[in-house]
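The values are calculated or read from the model by the stated rules, or taken from the named source; none is laboratory data. Every value quoted in this text rests on a predicted model; they were computed, and no experiment measured them. All Cβ positions, even for glycine, are placed from backbone atoms using ideal geometry, and neighbour counts span all protein chains on display. Ligands, DNA and RNA are stripped out before the accessible areas are found, and what is left, the full protein with its side chains, is counted by its heavy atoms. Shrake-Rupley method; radii C 1.70, N 1.55, O 1.52, S 1.80 Å.
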Amino acid sequence: MPLKKQERKRRILALLIFPVVFGVATIAILLRVAFVGMPTAEDLSSLMPHTEVEIKRGGGLALSHNMTGSVGLLLEAAQAAASVPVFDEAVNATVEKERCGRYGLPYTGRVERRRIFYGSLIADDSWHAVLFTALEGYGVYHSAAFVESNRTQMKFPRKLRFPVGSNNLRLLQSGIFGPSTNVTVDYYVNERGWPDQIGREHHQRDLIIQRWKKMGMQVNDIGMIADVDETPSRDFLRAVQVCDITQFKQDGPKPCSVPKITTSALVFESAPDCITKRRWAHPDLVIGACI
């Protein structure tokens, strides 16, 4: 059926307007990049939903209207864990021997746990990842050292999410990692052209090691480098604290030649029951004598 004359005019007008509008938008983007720079991480993140926290007067934590659902449940679990003593702190020889055996490691009667110093970069990681990592290692870590940068690894500017005095930092330091776990956030600010990408990551991880030393790391302590969404099981963390581990012995002819344990981790996407076929070779654990 032939189009009416008015309808044809409307369609022709739409076809003419679309490239004009599209062209103006494209020119605007190019001008923005030329005179202001590429869109920042903050620009992009403003388009995405955020889960943040607010603090009640008196220091208590309250869920904001958008920290509900699964994140809210995780936070409630973290707060519940923080209200009771750490349940598996004491060393029981029978339990530890069985535990070490699960990983093919001998138990030679160690009665004092090695201290574990946790370290990770942090940026716009989901609170899901932060909270399940905190829950799995609750009360296990001597300290948790985070480093946040004002730029992405590709050097795009980003707004700090955990600055001093922020609600996010208060939540991170509210006891969710353990009743005596000291949680810190250091800031990496480097506006120079070097290093780039992976070099910036190495520089930031070096700040973690510096923080560990300030926290009093000793030769028999363990440093664990991870990302926020990477965590060993609690059972394995307890095992490395007491089991006899070859990589942690540094009394041979070549000390620190092989000082590291690299884990082989399951990978899941979206939910724990969606496990992928590939495995991940992190986090890494290093004996303090070699740090």
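Looking only at residues in the stretch 82-103 that are small (G, A, S) and open to solvent by less than 70 Å² (accessible area, probe 1.4 Å), the one that is nearest to T262 (Cα to Cα) is G101. Of the residues V267, V228, the single one that is closer than 27 Å to T152 by Cβ, hydrophobic (A, V, I, L, M, F, W, C), open to solvent by less than 30 Å² (accessible area, probe 1.4 Å) and assigned to a strand (DSSP E or B) is V267. The combined condition, being within 20 Å of the chain's Cα centre (by Cα) and either at pLDDT 95 or above or over 30 Å from G101 (Cα atoms) (or both), is not fulfilled by P232.
Can you say whether I222 is under 21 Å from the mean Cα position of the chain (by Cα), surrounded by fewer than 19 Cβ atoms within 10 Å (Cβ to Cβ) and either at pLDDT 85 or above or not small (G, A, S) (or both), as far as the supplied structure shows? The answer is no for I222. Of all the criteria given as (1) among the polar types (S, T, N, Q); (2) under 14 Å from the mean Cα position of the chain (by Cα); (3) open to solvent by 40 Å² or more (accessible area, probe 1.4 Å), the one not satisfied by T184 is (3).
All of (1) in contact with a Phe, Trp or Tyr (Cβ under 8 Å, 6 or more places away or on another chain); (2) more than 13 Å from L121 (Cβ to Cβ) hold for E191 with one exception: (1).
Could you please find all residues in the stretch 138-176 being under 15 Å from A81 (Cα atoms) and more than 13 Å from the chain's Cα centre (by Cα)? Residues satisfying the conditions are Y138, G139, V140, Y141, L171, Q173, S174, G175, I176. Given the conditions (1) within 18 Å of the chain's Cα centre (by Cα); (2) charged (D, E, K, R); (3) within 25 Å of F268 (Cβ to Cβ), and given that R200 satisfies all but one, which numbered condition is not satisfied? Result: R200 fails condition (3) only.
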